[in-house]
Amino acid sequence: MALRLVAEVITLKTKHPFVIARGGDDDTRVVWVRLTDGDGLEGWGEADPSRYYGETADTVLGALKRLEPHLPADPFDLDATEAKFAQVVPKNGAARVALSAALHDLVGKRLNQPVWRLWGLDPARAPRSSFTIGLDTPEKIRQKVQEASAYPILKIKLGTDRDEAILRTVRDATDKPLRVDANAGWTRERALHMLPILKEFGVEFVEQPLPPDDLEGLAAVRRRGILPVVVDESCIVATDIPRLAGAVDGINIKLAKCGSLREALRMIATARAHGMLVMVGCMIESSLGITAAAHFTPLVDAADLDGAALTVNDPFLGATIEGGQIRLPTGPGLGVRRRSDHTP
Ligand code: MG
């Protein structure tokens, strides 16, 4: 019997407006996808669209309509199905990964095993997650650092003309390890100027200092040898990685970019083959979206999976972050359930 698809928009509210170098939003509309099989088992997934990559909740709903006729008769038929999805809506990574996650959830539920176990992973190897401090006023930044007291690593959003003041504000408030994400907001000159300052403030690595296509500039920043350079916006799928190798030290995988759980695993393998660092990040997401990514974190070096922690109305329970440590659920499939106290 064919899988039945239901999609529902959920509006996530963040505790603070989430602002990065190219702007920000108060509310985030994500799409909750459910696939039901003939036995009444449900596979769940979430689309977390980003306007930067050309997606919104509305384009997700449109893409899901186009993908529905290509749902597999057998949910175990993951490889061919995901390839077909990528052919039908190549630009709609967030929409595709919602179905990819739902199919993986369904497969795990049929086998009564968590997805991490199907992949042969040890949940104890999941890294700690950083917590992101978005752009804000100095007072608000101090407040956010306070609120992040449970997190052992902070990721600071930069890419403005007041970056040094932001760093100083954070550093005065905490001595935790810091990571910096410029979200493509610097010029080459500015990035080279900032490197020794970042180093002085104890920053561990810098993410996407330059625009995505400026590989020469990224290579120049890396050649300074002051801090490792990780790219996010420059790296969407596994085939992007060979040309990045040698120019940067690592990649940041996001499911909303790469469009499939299996593609995320391919990205990890490809990056490792090139000796690169692997990080996993997220959008503003509920615990459903976060958990899909959390399942492969035992394979990565660094994680920034705070998307659900930034929200105040997460409808789901799944992977958790306890004292910064990512804990994978032990239930079958993705292991995500509804929070009983929540009505969207
Ligand atoms: Mg980033």
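Values in this text are rule-based calculations from the coordinates and carry no lab data. On a predicted model such as this, the values are computed, not experimentally measured, just so you know. Positions of Cβ are generated from backbone atoms using ideal geometry, with glycine treated the same way; all protein chains shown enter the neighbour counts.
Below is a table of values for the structure above.
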quantity: Sorted by Cβ neighbour density within 10 Å, fewest at the top, the residues E263, E285, E68; calculated: E68, E263, E285
quantity: Note, ³J(HN,Hα) from phi for the stretch 202-207, Karplus 6.51, -1.76, 1.60, rounded to Hz, x at Gly and Pro; calculated: x, 6, 7, 7, 10, 9
quantity: More than 18 angstrom apart: percent of Cα pairs within the stretch 4-112; calculated: 49
quantity: Packing-based exposure ordering (other Cβ within 10 Å, fewest first) of T81, T187; calculated: T187, T81
quantity: Cα-centre dipole for the stretch 4-112 with unit charges at Cβ (Lys and Arg positive, Asp and Glu negative), debye to 20; calculated: 300
quantity: Sorted by Cβ density within 10 Å, fewest first, the residues T137, T169; calculated: T137, T169
quantity: Inter-label distance for A83 and A2, nm, one decimal - labels placed 7 Å from Cα along Cα-to-Cβ; calculated: 2.3
quantity: Rg/Rh ratio calculated on Cα atoms of the stretch 89-169 (Kirkwood radius); calculated: 1.17
quantity: Other-chain or far-sequence residues with amide H under 5 Å of G24's (modelled H); calculated: none
quantity: In order through the stretch 177-184: 3J(HN,Hα) via Karplus (6.51 cos²θ - 1.76 cosθ + 1.60), integer Hz, x for Gly, Pro; calculated: x, 10, 10, 10, 10, 8, 6, 6
quantity: Net length gained if the chain between R110 and T239 were fully extended (0.36 nm per residue, minus Cα distance); calculated: 43.3 nm
quantity: Estimated inter-spin distance, R51 and L118, nm [label 7 Å along Cα→Cβ]; calculated: 3.5
